[in-house]
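Only one structure is covered here, and it is reproduced in the block below.
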Amino acid sequence: MCKLRIPQFDQHHATGGISPYANPAGFTMMEVVVALVILSTTIIAVFGAMRTCATAAHHTRMLTQSVLLAESLLVETRLSENTAFETREGQEDRYNWKVQIVPTPVESLGAINVCVGWQEQQRQQQYELFSLVQMKSFTERK
């Protein structure tokens, strides 16, 4: 007589690889906690990066405006007809500026130093520009 053999199915394979102890209706509490920890860590990192980018963009904007102000003051000084050794100071918006024209060892040459300063994040920032200008002699000015 021939025996009919019925194959035995493993419960683990019969459920498609899902453990018989798993709840097919939802997630376990541990899975939810781990997902929330990962999500909150990611959100904190993203907001930190956004804050850093905003701070860098603000600093770049302030620096760019100070460079433009310093360059315009330098051009204005170089184009001035009555260039003399002097110091001028002023303020424009958030920026304090100072233009100094000082003598150099070369007789008809003057040095122009433009300094623009501003307050940013409780620190004093500044941008300096330096150039040379040909000075008119005293006999040419009369």
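The values are calculated or read from the model by the stated rules, or taken from the named source; none is laboratory data. Please read these numbers as outputs of a predicted model, since none were measured by experiment. Backbone-built Cβ (ideal geometry, glycine too); neighbour counts: all protein chains shown.
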**Message:** When the residues of the range 120-142 are narrowed to those that are among the basic types (Lys, Arg) and either touching a strand residue (DSSP E or B) at 6+ places or on another chain (Cβ under 6 Å) or modelled with pLDDT of 70 or more (or both), which ends up farthest from His59 (Cα to Cα)?
**Reply:** Lys136
**Fill in**
Expected single match for out of contact with any strand residue (DSSP E or B) (no Cβ under 8 Å at 6 or more places or on another chain), under 30 Å from Gly110 (Cβ atoms) and among the hydrophobic types (A, V, I, L, M, F, W, C) among Val75, Val37 is Val75
**Request:** For the range 33-142, please list each of the strands (runs of 3 or more DSSP E) lying entirely inside it that holds at least 1 residues being of a type in the set (Ser, Thr, Tyr).
**Result:** 86-92, 95-103, 123-134
**Request:** Could you list all residues from the range 44-94 that are of a type in the set (Lys, Arg) and under 21 Å from Arg123 (Cβ atoms)?
**Result:** Arg51, Arg61, Arg94
**Complete:** Taking the range 86-108 and keeping residues of a type in the set (Phe, Trp, Tyr) and either in contact with a Cys (Cβ under 8 Å, 6 or more places away or on another chain) or modelled with pLDDT under 85 (or both) leaves Trp97
**Prompt:** If you go through the range 85-108 one residue at a time, how many are surrounded by 12 or more Cβ atoms within 10 Å (Cβ to Cβ) and either within 17 Å of Ser66 (Cα to Cα) or of a type in the set (Lys, Arg) (or both)?
**Reply:** 9
**Asked** Condition test on Arg78, is it under 28 Å from Gln134 (Cβ atoms), modelled with pLDDT under 95 and out of contact with any helix residue (DSSP H, G or I) (no Cβ under 6 Å at 6 or more places or on another chain)?
**Response** yes
**Message:** Being over 12 Å from the mean Cα position of the chain (by Cα), at pLDDT 95 or above and either surrounded by 11 or more Cβ atoms within 10 Å (Cβ to Cβ) or farther than 28 Å from Tyr95 by Cα (or both) narrows it down to one residue among Thr28, Thr42; which is it?
**Reply:** Thr42
